[in-house]
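One structure is given below, encoded as structure tokens.
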Amino acid sequence: MAAKKALITGITGQDGSYLSEFLLEKGYEVYGMVRRASVDRFDRIDHIKERLNLIQGDLTDQSSLDEAVKSIQPDEVYNLAAQSFVPTSWNQPTLTGEVTGIGTTRLLESIRKIKPDARFYQASSSEMFGKVREVPQTELTPFHPRSPYGVAKVYGHFITVNYRESYNIFACSGILFNHESPRRGLEFVTRKITHAAARIKLGLLKELRLGNLDAKRDWGYAGDYVKAMWMMLQQTEPDDYVVATGETHSVREFVELAFGCAGLDWKKYVVIDPKFLRPAEVELLVGDPSKAEKKLGWRPEVAFPELVKMMVEGDLKGLKGK
């Protein structure tokens with residue numbers, strides 16, 4: 001039996017790196033699409049790079065996607081690439097729409113034309129709920145996105161549903177709530193906090209400036225969440241699933257735990273800076289993962305305090321190494 005082939009867009013990102021590891025363990029041939037850049041950012045996949053097949057391509061370029069699908073003939077396609085940082089999406093709203101929204105359509109078009117039996121996973125986001133209509137949020141909660149990123153993700157989500165219903169493509173969307181890890185980008189608030197706590201501990205930084213400490217999120221571990229992506233594509237019928245912990249924590253709690261792990265009193269170092277407040281804030285996101293639990297048999301394994309500790313320890317280790 002030939003090994004299954006998976007194509008991952010956004011392979012150099014946090015989720016792409018965890019998903020690659022997971023699929024390699026399952027015996028897949030893993031292909032990753034990377035954008036041509038003057039500086040290659042492969043730090044998250046360096047340790048497995050020898051076992052991956054990297055190809056150049058871009059969600060804004062149809063012919064590169066066609067070429068990738070044609071040459072690889074993948075069994076599974078995971079679309080994890082996006083302009084995924086919410087604050088940047090206000091600064092670059094059309095680029096965000098182009099990559100995160102229309103880019104999904106281009107990839108689905110390649111699959112439709114070239115490999116219609118490939119199974120497709122779309123990375124949807126809890127940011128689609130935005131100004132939430134109900135708590136907790138389920139697969140049926142109406143969307144009310146509050147950022148260009150959220151809007152683009154809603155487009156990507158519905159175009160995936162559309163290709164499933166119109167062309168019978170096995171296309172699933174995972175509506176993933178916030179998921180973090182030591183590999184999270186430094187621009188995201190969780191990693192910004194753990195990295196700052198580690199730097200303050202080591203005497204490399206004096207203060208941490210943050211925006212809204214009352215914003216609440218449902219935070220899980222990225223390593224757990226990528227398993228749910230794979231599980232969705234192993235079902236007999238394609239569907240959409242909320243992937244979350246069902247627990248909510250405030251940014252303040254995250255700060256308290258992170259600084260605690262570093263043996264510091266956060267109140268001495270954290271400064272509230274209005275420049276980090278969003279034009280439209282998303283106050284409370286908490287997902288109801290009962291469908292994923294029931295149908296996929298998926299459950300998060302890493303608890304919130306454990307996740308924060310893992311991130312702080314990762315940053316302390318990384319900084320000491322330097």
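The values are calculated or read from the model by the stated rules, or taken from the named source; none is laboratory data. Every value quoted in this text rests on a predicted model; they were computed, and no experiment measured them. FYI the Cβ positions are ideal-geometry reconstructions off the backbone, even for glycines, and counts take in every protein chain you see. Quick note on the areas: whole protein, heavy atoms, side chains included, nothing else; ligands and nucleic acids left out. Shrake-Rupley method; radii C 1.70, N 1.55, O 1.52, S 1.80 Å.
Tabulated data for the structure shown
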{"read-out": "Of residues in segment 68-103 being among the acidic types (Asp, Glu) and under 16 Å from TYR121 (Cα atoms), the one nearest to the chain's Cα centre (by Cα)", "value": "GLU76"}
{"read-out": "Residue match in segment 138-157 (condition: open to solvent by 40 Å² or more (accessible area, probe 1.4 Å), on the phi < 0 side of the Ramachandran plot and part of a helix (DSSP H, G or I))", "value": "yes"}
{"read-out": "Residue ID - least open to solvent (accessible area, probe 1.4 Å), chosen from residues in segment 92-108 that are part of a helix (DSSP H, G or I) and more than 22 Å from ARG119 (Cβ to Cβ)", "value": "THR96"}
{"read-out": "Candidate set: segment 81-91, residues that are aliphatic (A, V, I, L, M) and surrounded by 23 or more Cβ atoms within 10 Å (Cβ to Cβ); chosen: the one modelled with the highest pLDDT", "value": "ALA81"}
{"read-out": "Answer residue from segment 110-145, given it is acidic (Asp, Glu) and within 30 Å of LEU7 (Cβ to Cβ) and is farthest from the chain's Cα centre (by Cα) among those", "value": "ASP117"}
{"read-out": "Residue within segment 236-253 that is open to solvent by 40 Å² or more (accessible area, probe 1.4 Å), closer than 23 Å to SER89 by Cα and either of a type in the set (A, V, I, L, M) or out of contact with any strand residue (DSSP E or B) (no Cβ under 8 Å at 6 or more places or on another chain) (or both) present", "value": "no"}
{"read-out": "Residue list for segment 220-251, restricted to those being in contact with a Ser or Thr (Cβ under 7 Å, 6 or more places away or on another chain) and among the acidic types (Asp, Glu)", "value": "ASP240"}
{"read-out": "Condition broken by LYS291, with the remaining ones in (1) part of a loop (DSSP other than H, G, I, E, B); (2) basic (Lys, Arg); (3) within 28 Å of SER147 (Cβ to Cβ); (4) at pLDDT 95 or above satisfied", "value": "(1)"}
{"read-out": "Failed criterion for ARG217 (all others in (1) in contact with a strand residue (DSSP E or B) (Cβ under 8 Å, 6 or more places away or on another chain); (2) surrounded by fewer than 18 Cβ atoms within 10 Å (Cβ to Cβ); (3) at pLDDT below 95 hold)", "value": "(2)"}
{"read-out": "Some residue of segment 49-62 being more than 20 Å from SER124 (Cβ to Cβ) and at pLDDT below 95", "value": "no"}
{"read-out": "Of all residues making up segment 51-73, the number that are in a helix (DSSP H, G or I), more than 16 Å from ALA6 (Cα to Cα) and of a type outside the set (Ser, Thr, Tyr)", "value": "1"}
{"read-out": "Top-ranked residue of segment 162-188 - restricted to ones that are at pLDDT 95 or above, out of contact with any Lys or Arg (no Cβ under 7 Å at 6 or more places or on another chain) and open to solvent by 20 Å² or more (accessible area, probe 1.4 Å), ranked as farthest from GLN122 (Cα to Cα)", "value": "PRO182"}
{"read-out": "Selected residue (only one of LEU204, LEU186 is touching a residue at least 12 places away in the same chain (Cβ under 8 Å) and under 26 Å from GLY314 (Cβ atoms))", "value": "LEU204"}
{"read-out": "Residue within segment 58-81 that is within 21 Å of TYR225 (Cβ to Cβ) and either free of Cβ contacts under 8 Å to residues at least 24 places away in the same chain or among the β-branched types (Val, Ile, Thr) (or both) present", "value": "yes"}
{"read-out": "Segment 251-271 residues that are under 16 Å from LEU316 (Cβ atoms) and among the small types (Gly, Ala, Ser), paired with ones that are surrounded by fewer than 21 Cβ atoms within 10 Å (Cβ to Cβ) and modelled with pLDDT of 95 or more (beta carbon under 6 Å, 6 or more apart)", "value": "ALA262/LYS201"}
